[in-house]
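Structure first, then comments.
The values are calculated or read from the model by the stated rules, or taken from the named source; none is laboratory data. None of these values were measured; they are calculated from a predicted model. Counting neighbours? That spans all protein chains shown, and the Cβs are built from the backbone with ideal geometry, glycine included. Keep in mind that these areas ignore ligands, DNA and RNA; they rest on the heavy atoms of the full protein, side chains included. Shrake-Rupley method; radii C 1.70, N 1.55, O 1.52, S 1.80 Å.
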Amino acid sequence: QRVLRLAEMCRRLETEEEKVLPFYPSSLVEGEQLEARRALEEMPMEPLAWAMRDYVGLERFWQRFNKAKLEEEALARERVALSQRNRRLRELLRQYLAGISISQEVLSEPNPL
């Protein structure tokens, strides 16, 4: 019941895009998809495989979790790139403003212009 309540709470926070198309399309070709389905339908021989059958229902959860992690990583990389660009633009602006203004500090440093 707790998991279902949490799922309902999370559902309200989803964007429209996530509600309509919550997962990326599979990158497997048709033959690989059929082979994967066949492997899931086989009766497992190993104890770990038997235990994993109990958690097949969590497959969608892990897909969503991994999707969120990928998006988080992409946003972190984008943030770093934007921070570097911001620093560079601030430095260029500082140089420009130093070049057009005249003060004792500016006169003591080499003029970038």
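Restriction of the chymotrypsin sites (Phe, Trp or Tyr not before Pro) in the stretch 39-97 to DSSP coil positions whose beta-carbon has at most 14 other beta-carbons within 10 angstrom yields TYR55. Here the calculated FRET efficiency for CYS10 and ALA51, from their Cβ-Cβ distance with R0 = 22 Å, stands at 0.25, rounded to the nearest 0.05. A convex hull fitted around the alpha carbon atoms of the chain yields 265 Å³ per residue. Rounded to the nearest 500, the 222 nm mean residue ellipticity of the chain from helices alone is -23500 deg cm²/dmol, with -39,500 (n - 2.57) taken per DSSP H run of at least 4 residues.
For the chain, carbon and sulfur atoms together expose 59% of the accessible surface, with a 1.4 angstrom probe and every protein chain in place.
Each of GLN33 and LEU82 was given a label point 7 Å from its Cα along the Cα-to-Cβ line. The distance between the two points is 3.5 nm. When the charge dipole of the chain is built from unit charges on Cβ atoms (+1 for Lys and Arg, -1 for Asp and Glu) and taken about the Cα centre, the candidate among TYR96, ALA74, LEU40 whose Cα reaches farthest toward its positive end is TYR96.
Quick one: putting +1 on the C-beta of Lys and Arg, -1 on the C-beta of Asp and Glu, what dipole do you get for the chain around its Cα centre, in Debye to the nearest 20?
Values: 19 positive and 20 negative charges, 107 e Å.
Dipole size: approximately 520 debye.
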